[in-house]
Amino acid sequence: MTQKYREYINEENIVELLSSLIEIESPYFREDKIMEYAHDLLKKKNIPTEIHEYEDKKITKFKGKNVIGNLKGKGKGPKILLNGHLDTVEICEGWEYNPLKATREGNRLYGLGALDMKSGIAAIILALEAFKNTVDEFDGEILYTLVSDEEGPFGLGTDALIQNGYTKDVDVAIVPEPSSGFSACDFPCVCLGARGGYNYSVKLKGKSSHAAAPELGINAITDASKVILELENMEGLKDDKLGEGSFALIEMNGGGAACSVADTAEFTVFRHIVRGEDKDYIVDEVNRAVEKANIKSKVEINFREAPHDEADGFLPYTVDEENEYTLALQNSIKNITGKEGQTSYFTSIGDFNYLGTRVNVPTFVFGPHGENYHSSNEYVLIDTVVKTAEVIYDFLKTTLNAK
């Protein structure tokens with residue numbers, strides 16, 4: 001592979017761009033400033049770009065923006081999607097560094113979003129710039145989507161692009177989330193799929209009585225606790241790639257009267273799922289737990305309300321190790337790093353679930369290494385960001401028959 005790309009993909013450019021992105025605060029639902037920055041930067045680099053606007057009128061009432069664009073070749077070939085998010089979580093407690101000031105210590109770059117996933121965005125931008133300036137001809141098309149609200153409850157940015165038809169002709173997708181950092185395996189690491197997940201609530205209605213005579217009532221909180229314990233002990237399906245799902249109680253409340261047995265209770269769960277588990281499976285699971293708990297309260301199960309039916313949860317998916325695009329990506333990883341990428345599977349959810357199931361294309365999570373995502377002192381290993389950009393560039397060149 002020609003070394004001309006190093007004029008664009010190198011440590012200095014990575015650190016400069018990633019530092020600029022880190023220093024623009026961009027928690028989900030407040031991404032306008034960083035979207036404008038990315039849009040202006042891509043224009044300066046002469047990469048076709050536009051701002052895609054969307055609105056969730058039903059749940060969040062949020063009006064958001066994505067930065068998108070494409071490079072089209074002269075001949076027929078695959079359409080490759082590069083997708084990543086520019087939003088972050090909110091600043092948490094415990095930072096020893098300024099989370100909104102990129103701080104370098106050796107091979108580490110600290111800052112909010114350094115790992116998750118402004119480093120992946122930097123890799124996409126520089127890979128695109130290198131490709132545009134070093135390739136004369138190629139087949140197929142590159143679509144890039146720098147999205148908002150991935151960290152939010154519904155992944156509204158990528159969801160809107162799917163809803164609006166931007167992804168309908170895509171053949172393969174790469175999402176440079178920090179696969180090594182998330183999977184706790186050495187770089188390079190490729191995630192060939194991910195677990196899915198649903199948020200649901202269980203409401204229980206018991207019977208009130210005076211606290212001096214609790215035996216005359218039905219305590220909904222007690223019954224809720226019994227159901228929760230049964231759910232925690234439930235055995236889900238075992239997936240040969242994704243492992244097992246998981247049950248996490250995230251909220252509980254009920255009762256509240258000064259001297260009365262609690263006649264109402266409610267708890268909320270996030271249930272990660274594997275292939276074969278879906279909403280019907282979850283409902284059956286809760287009903288089995290209720291039966292085992294032998295309670296008297298009446299039970300109602302509700303999944304969270306969503307902007308539309310396809311955004312009510314995240315379905316699990318996998319990509320075959322022998323898929324042509326898996327082999328092509330592994331070949332690019334070996335070309336750049338000298339070794340084949342370790343394979344893993346993402347244990348949580350993200351925009352890649354939408355791409356792998358709703359768009360239904362091979363979707364790879366491949367990105368840099370680091371630690372402390374969604375936590376204080378988040379950092380990324382700089383050399384792995386450089387290598388991520390180089391791998392993406394090599395994959396684009398080889399897959400699109402570039403000259």
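Would you mind calculating the gained length between ASN335 and ARG30 on full extension (0.36 nm times residue separation, minus the Cα-Cα distance), in nm to one decimal?
Values: separation 305, 0.36 × 305 = 109.80 nm, distance 3.88 nm.
Additional length available on full extension: 105.9 nm.
Kindly identify region 72-201 as rounded, prolate or oblate by the Cα gyration tensor criterion: order the square roots of the eigenvalues as a ≥ b ≥ c, call it rounded if a/c is under 1.5, otherwise compare a/b with b/c, prolate if a/b is larger, else oblate. Mind showing how you got there, number by number?
On the way: a/c = 2.01, a/b = 1.35, b/c = 1.49.
It is oblate, given that a/c is not under 1.5 and a/b is not larger than b/c.
So between SER20 and ASN323, what do we pick up on full extension, going 0.36 nm a residue minus the alpha carbon distance? Could you put the intermediate results ahead of the total?
Details: separation 303, 0.36 × 303 = 109.08 nm, distance 3.68 nm.
Between SER20 and ASN323, full extension yields an extra 105.4 nm.
For the chain, just say rounded, prolate or oblate: build the C-alpha gyration tensor, square-root its eigenvalues into a ≥ b ≥ c, call rounded for a/c under 1.5, and beyond that prolate if a/b exceeds b/c, oblate if not. Let's see the in-between values first.
Numbers: a/c = 2.24, a/b = 1.98, b/c = 1.13.
Because a/c hits 1.5 or more and a/b exceeds b/c, the chain counts as prolate.
Leaving out ligands and nucleic acids, note down the accessible area per residue over region 330-392 with a 1.4 angstrom probe, in whole Å².
Details: 2070 Å² over 63 residues.
The answer is 33 Å² per residue.
Relative contact order for region 1-103: what percent, with Cα pairs under 8 Å and sequence separation of 6 or more?
Details: 88 pairs, mean separation 31.8, N = 103.
Result for region 1-103 is 31 percent.
Determine, for each peptide in 382-388, 361-367, 323-329, the mean count of other beta carbons within 10 angstrom over its residues, then list the peptides with the highest first.
Details: 382-388: 24.4, 361-367: 27.4, 323-329: 17.7.
Sorting 382-388, 361-367, 323-329 by mean packing, highest first, produces 361-367, 382-388, 323-329.
If we count every other residue with Cβ under 15 angstrom of GLU137's Cβ, Lys/Arg +1 and Asp/Glu -1, where does the sum land? If you can, show how the numbers build up before the last one.
Working: positive: LYS72, LYS74, LYS76, LYS132, LYS397, LYS403; negative: ASP136, ASP139, GLU141.
Local net charge: +3.
Of the heavy-atom accessible surface of the chain (probe 1.4 angstrom), what whole percent is carbon and sulfur? Can you show the working numbers first?
Details: 7530 of 17370 Å².
Its accessible area is 43 percent carbon and sulfur atoms.
Under a crude label model (7 Å from the Cα following the beta-carbon direction), how far is ARG104 from ASP284 in nanometres?
The two pseudo-label positions are separated by 5.6 nm.
Under 19 Å from the Cα of LYS44, which aspartates and glutamates turn up, not counting those fewer than eight places away in the same chain?
Excluding near neighbours in sequence, the set is GLU7, GLU12, GLU16, ASP32, GLU36, GLU129.
Calculate the length of the line joining the C-alpha centroid of region 113-159 to that of region 243-297, in whole Å.
One Cα centre to the other: 38 Å.
Along Cα→Cβ, 7 Å out, is where each label goes; now give me the distance between the ones at ASP312 and SER246 in nm to one decimal.
The answer from the label model is 2.5 nm.
Starting from the Cα-Cα distance between LYS72 and LYS205, subtract it from 0.36 nm times their residue separation and give me the gain in nm to one decimal. Don't skip to the end; give the middle numbers.
Numbers: separation 133, 0.36 × 133 = 47.88 nm, distance 5.89 nm.
That works out to 42.0 nm of additional length.
By the gyration tensor of its Cα atoms, with a ≥ b ≥ c the square roots of the eigenvalues, what is the shape of region 1-154: rounded for a/c under 1.5, prolate for a/b over b/c, or oblate? Intermediate values should be presented prior to the final figure.
Working: a/c = 2.46, a/b = 1.22, b/c = 2.01.
Cα axes put region 1-154 in the oblate bin.
Structure shown: which of LYS58/LYS226; LYS203/LYS292; LYS33/LYS403; LYS65/LYS101; LYS57/LYS226; LYS33/LYS76 lie over 28 Å apart, alpha-carbon to alpha-carbon?
Values: LYS58/LYS226 35 Å; LYS203/LYS292 17 Å; LYS33/LYS403 37 Å; LYS65/LYS101 24 Å; LYS57/LYS226 38 Å; LYS33/LYS76 37 Å.
Long pairs (Cα-Cα over 28 Å): LYS58/LYS226; LYS33/LYS403; LYS57/LYS226; LYS33/LYS76.
Under 13 Å from the Cβ of ILE47, count the other residues' Cβ atoms, weight Lys and Arg +1, Asp and Glu -1, and hand me the total.
Numbers: positive: LYS43, LYS44, LYS45, LYS72, LYS132; negative: ASP40, GLU50, GLU129.
For residues surrounding ILE47, the net value is +2.
FRET efficiency for GLU305 and GLU235, Cβ-Cβ distance as r, R0 = 30 Å, nearest 0.05? Present the calculation step by step, with values, prior to reporting the outcome.
Working: r = 29 Å, r/R0 = 0.98.
It comes out at approximately 0.55.
Probe radius 1.4 Å, ligands and nucleic acids left out: which of PHE182, PHE154 has the largest accessible area, and how do the rest follow?
Values: PHE182 45, PHE154 10 Å².
I get PHE182, PHE154, largest accessible area first.
Quick one: if the Förster radius is 45 Å, what FRET efficiency do LYS298 and GLU93 give, using the C-beta to C-beta distance and rounding to 0.05? Could the numbers behind the result be given before it?
Working: r = 41 Å, r/R0 = 0.90.
Between LYS298 and GLU93 the formula returns 0.65.
What's the local net charge at PRO178, with K and R +1, D and E -1, over the other residues with C-beta under 12 Å away?
Details: positive: LYS118; negative: ASP116, GLU177, GLU371, GLU378.
Computed value for this residue: -3.
Whole number in Å², please: accessible area per residue of region 147-196, 1.4 Å probe, ligands, DNA and RNA not counted. Display every interim value, and only then the final one.
Values: 1200 Å² over 50 residues.
Value for region 147-196: 24 Å² per residue.
Quote the FRET efficiency, to the nearest 0.05, computed for LYS44 versus SER260 with a Förster distance R0 of 60 Å and r equal to the Cβ-Cβ distance.
Values: r = 66 Å, r/R0 = 1.10.
The value I calculate is 0.35.
The values are calculated or read from the model by the stated rules, or taken from the named source; none is laboratory data. All of these numbers come straight from a predicted model, not from anything done at the bench. Ideal geometry is used to build each Cβ from the backbone, glycine not excepted, and the neighbour counts take in all protein chains shown. Keep in mind that these areas ignore ligands, DNA and RNA; they rest on the heavy atoms of the full protein, side chains included. Shrake-Rupley method; radii C 1.70, N 1.55, O 1.52, S 1.80 Å.
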